[in-house]
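Colleague: Please find one structure pasted underneath; my questions will follow.
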Amino acid sequence: MSVAVRVIPCLDVDAGRVVKGVNFQDLRDAGDPVALAHRYDAAGADELTFLDVTASSSERETTFDVVRRTAEEVFIPLTVGGGVRGVAEVDRLLREGADKASINTAAIARPDVIDEITRHFGSQVLVLSVDARRVQGDTSTPSGFEVTTHGGRRGTGIDAVAWAKEAADRGVGEILLNSIDADGTKEGFDLELIRLIRGAVTVPLIASGGAGVPEHFPPAIEAGADAVLAASMFHFGPDDMIAQVKAAIRDAGFPVR
């Protein structure tokens, strides 16, 4: 790996506040998104991801004013997702200051939207967010993982690996892989899931879900992640947590900014 690994704090936003839960549930307040974005920019984050976690499940638009105020505060790439349904929402997000848009639920409902957005803006603008979990009950998929929608609340029965490959073939520029099983547990990334997706796609892969200590990050990179994303440990940890994570990655022999 010659490209520097990116370290990305994630702001999960609900009703204008940053929240964090476990397995996408029991959300608790973690602060003001604009203030946190400013803090992470100053602390050396390489990018920021801003996800309106209840936009799709409550069928409303992303909080555009919060996006705009956040974009005014930071000088690193900003990816925004939640409630993105098509070209119009991506266009507005870019006008409000986002660099990339993340799509999940709408793309599963109508995969052609990926082609439409990338044709209009280019692949580099679109990130596919894949909220994956191990199959449960009677559901079965070839990989053992299924895609979920609506913030992890609805299973689809769609194979997570096949879906990531289809989206990459359709032109998404990047995949944000969220492990629902690991989310908020602070027990480490789902390495099996990362390896499976890495084996199916060549586009950049962001690993998310499960980080609890800096030592959790290098194994995710070893498994195939080009970037690593976390929320809880940055929101509730010490101010130098981003520096600690970068040091752990560097000490493991991976290039980092």
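Colleague: Among (1) under 19 Å from Ile8 (Cβ atoms); (2) surrounded by fewer than 22 Cβ atoms within 10 Å (Cβ to Cβ), which single condition is Ile194 missing?
Modeller: If we test Ile194 against (1) under 19 Å from Ile8 (Cβ atoms); (2) surrounded by fewer than 22 Cβ atoms within 10 Å (Cβ to Cβ), just (2) comes out false.
Colleague: Okay, next question. Of all the residues that make up the range 199-218, how many are assigned to a helix (DSSP H, G or I) and surrounded by fewer than 16 Cβ atoms within 10 Å (Cβ to Cβ)?
Modeller: Going through the range 199-218 one residue at a time, the tally reaches 2.
Colleague: Continuing with the same structure: How many residues are assigned to a loop (DSSP other than H, G, I, E, B) and in contact with a strand residue (DSSP E or B) (Cβ under 6 Å, 6 or more places away or on another chain) when one looks only at the range 227-257?
Modeller: The number of residues fulfilling the criteria is 2.
Colleague: Next question, about the same structure. Within the range 75-166, which strands (runs of 3 or more DSSP E) (wholly inside it) include 3 or more residues that are of a type outside the set (Gly, Ala, Ser)?
Modeller: 78-81, 126-134, 145-149, 154-159
Colleague: Taking the condition of a type in the set (S, T, N, Q), touching a residue at least 40 places away in the same chain (Cβ under 8 Å) and part of a loop (DSSP other than H, G, I, E, B), does Thr185 pass?
Modeller: In short, yes.
Colleague: With buried (at least 24 other Cβ atoms within 10 Å of the Cβ) and either at pLDDT below 95 or closer than 29 Å to Gly155 by Cα (or both) as the only criterion, which of Gly86, Gly81 stands out?
Modeller: Matching residue, one of Gly86, Gly81: Gly81.
Colleague: When the range 141-151 is examined, which residues are found to be surrounded by fewer than 22 Cβ atoms within 10 Å (Cβ to Cβ) and either touching a Lys or Arg at 6+ places or on another chain (Cβ under 9 Å) or of a type in the set (Gly, Ala, Ser) (or both)?
Modeller: Result: Ser143, Gly144.
Colleague: Additional query: Filtering the range 177-207 down to residues that are over 16 Å from the mean Cα position of the chain (by Cα) and among the acidic types (Asp, Glu), which residue is nearest to Trp163 (Cα to Cα)?
Modeller: It comes out as Glu192.
Colleague: Cβ-Cβ distance below 9 Å, separation of 6 or more or different chains: which pairs start in the range 122-134 with a residue that is under 16 Å from Pro111 (Cα atoms) and end on one that is aromatic (Phe, Trp, Tyr) and surrounded by fewer than 24 Cβ atoms within 10 Å (Cβ to Cβ)?
Modeller: Within 9 Å, the pairs are Asp131/Phe24.
The values are calculated or read from the model by the stated rules, or taken from the named source; none is laboratory data. Model, not experiment: these values are computed from the prediction. Because the Cβ atoms are built from the backbone with ideal geometry, glycine has one as well, and the counts that use them run over all protein chains shown.
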